[in-house]
Amino acid sequence: MAKLLLFIAVILVVYLLMRNHRRRGEVAPPPTSRNSEDMVRCRVCGVHLPTSEAVTSRGEYFCGKEHMQLSNRGGR
C-alpha cells in the first residue's frame, strides 16, 4: 500500500512540474511603451532609426548629414 501511495505522489509531482513548465513557456505579450516612436529608413544606406534621430531633407530621411549631402549631390 505504501508503494502505491508513493507511486501516486511521484505521478502528482511530475504532473505539477510539467504543468508549471508549460505555463512558463507561454509567451507573454510585449509590454507597451508610451515612449515609443516611429522608425524611418535612411534613403542612402537603408539603416532604420528613430524619427527623432533622423535628418530630413525634402521629405526624405537620412541617418546623418553626410548621407543627406550625398543624396543632394546625386549619389545613390
### Computed accessible area, V47, all protein chains, 1.4 angstrom probe, square angstrom
70
### Query
How much length is gained if the chain between R22 and D38 is pulled fully straight, taking 0.36 nm per residue apart and subtracting their Cα-Cα distance, in nm to one decimal?
2.3 nm
#### Entry: Simple label model, 7 Å out from Cα along Cβ direction - S57 to K3, nm
8.5
### Task
Tabulate in residue order the Karplus-calculated ³J(HN,Hα) for the range 48-65, using 6.51 cos²θ - 1.76 cosθ + 1.60 with θ = phi - 60°, rounded to whole Hz; enter x for Gly and Pro.
8, 8, x, 4, 5, 9, 7, 9, 10, 7, 6, x, 10, 10, 9, 7, x, 5
### Summary
Taking 0.36 nm per residue of separation between I11 and E66 and subtracting their Cα-Cα distance, the length gained on full extension comes to 13.1 nm
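The values are calculated or read from the model by the stated rules, or taken from the named source; none is laboratory data. Computed from a predicted structure; not experimentally measured. Glycine also receives a Cβ, built like all others from the backbone with ideal geometry; neighbour counts cover every protein chain displayed. Just the protein is used for accessible areas: all its heavy atoms, side chains included, with ligands, DNA and RNA removed. Shrake-Rupley method; radii C 1.70, N 1.55, O 1.52, S 1.80 Å.
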